[in-house]
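Here is the structure we will look at.
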Amino acid sequence: MLVYLNGDWIPAEEARVSVFDRGFTFGDGVYEVIPVYGHRPFRLNAHLQRLRQSMTAVGMSDKKLAVDWDTVTTRLADSLSSGDGTVYLQISRGAAPRQHGFPANAPMTVLAYARPAAIETVKGPLREATAILRDDIRWTRCDIKTTSLIANVLLVQEALQAGADEALLVRDGYVNEGAVSNVFIVRDGRLITAPPNHLILGGITRDVIIELAHAIGIPVIEIAPRRAELLEADEVLITSSGREVTAVTRVDGAPVGTGRPGPVFQRLHAAFQTFKEEVRTGARTT
Ligand code: PDD
């Protein structure tokens, strides 16, 4: 497997990063995960725009980087043998003697690689998941896609230890998103989800689902649901580049609605699959 590291294409086993890299010592970096269908990166422009926003938000200038992201991502997408998978891009603030303030002259470290999709995702995405509710212990700049993910890591681990797949995060009584996904609830046929602000990562899959909902006549309300509303919802859905759109059928062990993927999920899932196939065959470019 070839990875892209600081301008070079090298076998992953030979790729080396300094032990003083701030991505390693401080989690001082930003990243993107871009789905690939049929060798075609999904919503590439939106992902690259979010990457630039993350860089700007943490004071990294993309003008100092001479990376042609389109070419790097396309080459990685081409390399996927099944054609499906994800491309991972990461930029850290570079290697420098450890002190918190920004280093004066450290070149940023740029890493990119592709990962094939798991067989189950190629055959059909993970359609059902279970979740737990937890306090959102993260900081308040969740809109930045940063590699400082310790809180998310701990929350996902808690979910796994509880036999669940995802942690849905509650802050001041509202469910804003999950540890690795955006969250929607369905009430009376309407989709309800937190607005895009500093308390959530503005998910690209979230945007696609909102567009598809509008296209098939499902109303969308962008107001964060309360914890109690989520527990009484007809359906709960999560979205992410890895899970696409997935029905959450149990929360904290209790069934959501009927405990089966519901009708709104079924419609959105079908619409997403059609959309994806159009991307895969090149009938659609975004
Ligand atoms: N994460 N919110 C959080 C906290 C996330 O980590 C993610 C995805 C999302 C969904 O964003 P998108 O639809 O653009 O993937 C929302 C990725 C996949 C990850 O960290 O691996």
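The values are calculated or read from the model by the stated rules, or taken from the named source; none is laboratory data. Just so it is clear, the structure is predicted and the values come from calculations on it, not from any experiment. Because the Cβ atoms are built from the backbone with ideal geometry, glycine has one as well, and the counts that use them run over all protein chains shown. These area figures cover heavy atoms from the full protein model, side chains too; ligands, DNA and RNA do not enter into them. Shrake-Rupley method; radii C 1.70, N 1.55, O 1.52, S 1.80 Å.
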Report summary line: Quick count over region 192-216, residues being away from the ligand (no atom under 15 Å from the Cβ) and in contact with a helix residue (DSSP H, G or I) (Cβ under 6 Å, 6 or more places away or on another chain), is 1
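Could you tell me whether any residue of region 35-43 is of a type in the set (Phe, Trp, Tyr) and open to solvent by 30 Å² or more (accessible area, probe 1.4 Å)?
Taking region 35-43 first, the residues of a type in the set (Phe, Trp, Tyr) are 37, 42.
Filter once more, so that each one left must be open to solvent by 30 Å² or more (accessible area, probe 1.4 Å): none.
No, region 35-43 contains no residue that is of a type in the set (Phe, Trp, Tyr) and open to solvent by 30 Å² or more (accessible area, probe 1.4 Å).
Take the residues in region 153-177 that are part of a strand (DSSP E or B), out of contact with any Ser or Thr (no Cβ under 8 Å at 6 or more places or on another chain) and not β-branched (Val, Ile, Thr), then tell me which one is most open to solvent (accessible area, probe 1.4 Å).
Residues of region 153-177 part of a strand (DSSP E or B): 166-171, 174-177.
Then keep just the ones that are out of contact with any Ser or Thr (no Cβ under 8 Å at 6 or more places or on another chain); that gives 167-171, 174-177.
In the following step, the residues that additionally are not β-branched (Val, Ile, Thr) were identified as 167-169, 171, 174, 176-177.
Numbers: Ala167: 0, Leu168: 0, Leu169: 0, Arg171: 39, Tyr174: 79, Asn176: 13, Glu177: 7 Å².
Filtering first and then ranking leaves Tyr174.
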Query raised in the report: Has region 25-47 got any residue that is without any contact (Cβ under 8 Å) to a residue 40 or more places away in the chain, more than 16 Å from the ligand (Cβ to nearest atom) and among the β-branched types (Val, Ile, Thr)?
Result: no
Query raised in the report: If you go through region 94-104 one residue at a time, do you hit one that is within 12 Å of the ligand (Cβ to nearest atom), touching a strand residue (DSSP E or B) at 6+ places or on another chain (Cβ under 6 Å) and open to solvent by 20 Å² or more (accessible area, probe 1.4 Å)?
Result: no
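Mind checking which residues of region 176-191 are touching an Asp or Glu at 6+ places or on another chain (Cβ under 7 Å) and near the ligand (Cβ under 10 Å from one of its atoms)?
Asn176, Gly178, Ala179, Val180, Ser181, Val183, listed by residue number.
Can you confirm whether Asp135 is acidic (Asp, Glu) and either touching a helix residue (DSSP H, G or I) at 6+ places or on another chain (Cβ under 7 Å) or farther than 26 Å from Pro41 by Cβ (or both)?
Numbers: acidic (Asp, Glu): yes; either touching a helix residue (DSSP H, G or I) at 6+ places or on another chain (Cβ under 7 Å) or farther than 26 Å from Pro41 by Cβ (or both): yes.
Judged against the criteria, Asp135 is a match.
Residue by residue, here is whether (1) polar (S, T, N, Q); (2) modelled with pLDDT under 95; (3) open to solvent by 10 Å² or more (accessible area, probe 1.4 Å) holds:
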| residue | (1), (2), (3) |
| --- | --- |
| Arg226 | no, no, yes |
| Leu230 | no, no, no |
| Arg243 | no, yes, yes |
| Gly259 | no, no, yes |
| Val264 | no, no, yes |
| Leu268 | no, no, no |
| Phe272 | no, no, no |
Query - Qualifying residue in region 258-276 (condition: assigned to a loop (DSSP other than H, G, I, E, B) and touching a residue at least 24 places away in the same chain (Cβ under 8 Å)) - result: yes
Query - Number of positions in region 178-211 that are open to solvent by 40 Å² or more (accessible area, probe 1.4 Å) and among the basic types (Lys, Arg) - result: 2
Query raised in the report: Looking at Arg50, Arg16, which one is charged (D, E, K, R) and not in a helix (DSSP H, G or I)?
Result: Arg16
